[in-house]
Amino acid sequence: MRVAVLASGHGSNLQALLDAFAAPAAPAVIALVISNKASSGALARAAARGVPTAAIAESGDDAPRLLALLAEHAIDLVVLAGYLKRVPEAVVRAWRGRMLNVHPALLPAFGGPGMYGRRVHEAVIASGARVTGVTVHLVDEQYDHGPIVAQWPVPVRPGDTAEQVAARVLAVEHQLLPAVVAAFARRGAAAVCSCADEAFGPRAEPPRPLDDALVAALPPAITETR
Ligand code: GRF
């Protein structure tokens, strides 16, 4: 399966994909890397591995060029890995069901327009959430909105900075995204949903119900809604 990766930033997720699928017998090959930022680390990482690259303009209608590039390189699956430019609707329509995005939080929370990079983790911390995570989803016409194919939780610890949460989340992205792409390659779009469990093993323990001692210690407003 030939994969195109679109990225705007450091490209560490691209690197995880390049490393995961480096062997000749790997089920997928990273066949093209596209960026809207000429200075993107992703383009340098791709070039270092001899993977074809393409830069697209920051403004204007890039749909014809994107569609032509994907066809020219015989791409089967498109992966958005830290791609910060909106994908034109014509491209989303043409690639529906064959275009994935990785998001550094548990969608549908902490997603949508303007919710990218450090802002996501700052919003998670500000909310008081104790769990964040990684979501891989199919791309539709809205930001961070299409069908979710895999998620994995990451703890938020008291006193965490956005950088600490980002690093913990990114480490999971680097495992989950290649796992989803491998599942896509082996079994197709319909079968990717169980790949998070396969990548990480079964969860150590299912979520525990509140125990009675804890519930007794809660303020009345909380126990009443139990
Ligand atoms: C990742 O956290 C990704 O989820 C988000 O942007 C970051 C990109 O990191 N959309 P990198 O460019 O892959 O290092």
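Brief remarks on what is shown
- If you go through segment 84-105 and keep only what is within 16 Å of the ligand (Cβ to nearest atom) and in contact with a helix residue (DSSP H, G or I) (Cβ under 9 Å, 6 or more places away or on another chain), you end up with Val87, Met99, Leu100, Val102, His103, Pro104, Ala105.
- Any hit, segment 97-111, residues being open to solvent by 20 Å² or more (accessible area, probe 1.4 Å), without any contact (Cβ under 8 Å) to a residue 12 or more places away in the chain and over 22 Å from Leu6 (Cβ atoms): no
- The set of residues in segment 134-150 being more than 11 Å from the ligand (Cβ to nearest atom) and part of a strand (DSSP E or B) consists of His137, Leu138, Ile148, Val149, Ala150.
- In a residue-by-residue description of segment 35-58, the property of being free of Cβ contacts under 8 Å to residues at least 12 places away in the same chain and surrounded by 15 or more Cβ atoms within 10 Å (Cβ to Cβ) applies to no position.
- So Ala25, is it more than 16 Å from the ligand (Cβ to nearest atom) and of a type in the set (Gly, Ala, Ser): yes
- Near pairs, Cβ below 8 angstrom, 6+ apart or cross-chain, from segment 67-81 (within 16 Å of the ligand (Cβ to nearest atom)) to any residue that is charged (D, E, K, R) and open to solvent by 40 Å² or more (accessible area, probe 1.4 Å): Val78/Arg98
- In a residue-by-residue description of segment 41-52, the property of being touching a Phe, Trp or Tyr at 6+ places or on another chain (Cβ under 7 Å) and either among the small types (Gly, Ala, Ser) or under 15 Å from Pro178 (Cβ atoms) (or both) applies to no position.
The values are calculated or read from the model by the stated rules, or taken from the named source; none is laboratory data. Computed from a prediction, not measured in an experiment: that's the story for all the values here. Don't worry about glycine lacking a Cβ; one is built from the backbone with ideal geometry, like all the others, and counts go over all protein chains shown. Accessible surface areas use protein heavy atoms only, side chains included; no ligands, DNA or RNA. Shrake-Rupley method; radii C 1.70, N 1.55, O 1.52, S 1.80 Å.
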